[in-house]
């Protein structure tokens, strides 16, 4: 019987020691920050997870700034917090309506918050929308809407609040919380606009943590699985809308599959108080994220099986893909060039002309002028 080599023995010991250290770190109690009298800004704070977070931080003695697009829902949210005795008084809750896909409104939000409370200790980027349906039926506008709210909304508020938070970070703890999704870790079929925006948010949030940690600001990335937040009521559906709504509602309201919003709010509060870099809510989401990281090809294969056998088929799946059928293709010929668009005529191959040693100034100016009619990326509208 051969004895194990010294190298294998050392590697085995190191592996066991690493596993033990990781387990000890995960189980060790973490120091909790005191959130008495902290100022917490929550986007999308009028309902669902945002309202549950407002209640949890309010019970900890925080002063709250809630923002959403709907004024009536914001007013109802404040009454709800008062009825549940989650806040001390109406003055503890500042309501500011805003559409955060607009950077100017995001800046105004931060300015009003600073003017009222003097600072922002915790920024929670929670606002989001969901577009549900197969890729064949998702228009480009769905991706733009998802990116505008789920990603750029968080970016706009973070950019506006960051200078203020950096000023206070060395004297008192500051935190930025980005509510992403397991959809930012694992691509879920029939949610592609949502998934694309959440992948962007996860990358931004993780990079932000790396850059701000040593400056006194803890950035926490939250990747929840399905939650019973009522999101199915406000989701947008395309394709076979009845069937799409049925499967999404079932997944978002089943207790065994979806976590309660109060449980999610408690987990997020504890993670922020402990200064955690990232958390995943629900065991299914935790497992899915690990499997996707270890076996991406297998994960995508399983997702394709779910798409093929469990999710509704697109009504246009037997026609030409990406919202084109024979009728629309006939009226939208690929070679048609709109008058208000740059000339995109295919360029034929030509032999390279002989290079002259000295190019004339007139030729150079002509070459530069030939590109001036193309719009730069900064000129392109978001919506």
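Overview of values
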read-out: Filter pass, residue 33 being more than 25 Å from the chain's Cα centre (by Cα), within 17 Å of residue 270 (Cα to Cα) and at pLDDT 95 or above; value: no
read-out: Extreme residue, surrounded by the most Cβ atoms within 10 Å (Cβ to Cβ), among residues of segment 274-297 that are more than 21 Å from the chain's Cα centre (by Cα) and assigned to a helix (DSSP H, G or I); value: 274
read-out: Test: residue 55 is free of Cβ contacts under 8 Å to residues at least 12 places away in the same chain and not in a loop (DSSP other than H, G, I, E, B); value: no
read-out: First in segment 116-134 and within 23 Å of residue 217 (Cα to Cα), second anywhere and surrounded by fewer than 21 Cβ atoms within 10 Å (Cβ to Cβ) and at pLDDT below 95, Cβ under 6 Å, 6 or more apart; value: 119/168
read-out: Members of segment 221-247 found to be part of a helix (DSSP H, G or I) and under 21 Å from residue 199 (Cβ atoms), listed by number; value: 231
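Per-residue answers, yes or no, for (1) buried (at least 22 other Cβ atoms within 10 Å of the Cβ); (2) touching a residue at least 40 places away in the same chain (Cβ under 8 Å):
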{"site": "199", "(1), (2)": "no, no"}
{"site": "206", "(1), (2)": "no, yes"}
{"site": "221", "(1), (2)": "yes, yes"}
{"site": "224", "(1), (2)": "yes, yes"}
{"site": "227", "(1), (2)": "yes, yes"}
{"site": "234", "(1), (2)": "no, yes"}
{"site": "239", "(1), (2)": "yes, yes"}
{"site": "262", "(1), (2)": "no, yes"}
{"site": "272", "(1), (2)": "yes, yes"}
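The values are calculated or read from the model by the stated rules, or taken from the named source; none is laboratory data. Predicted model, so just to flag it, every value in this text is computed and none were measured. Neighbour counts are summed over all protein chains in view; Cβ atoms, including those assigned to glycine, are modelled from backbone coordinates with ideal geometry.
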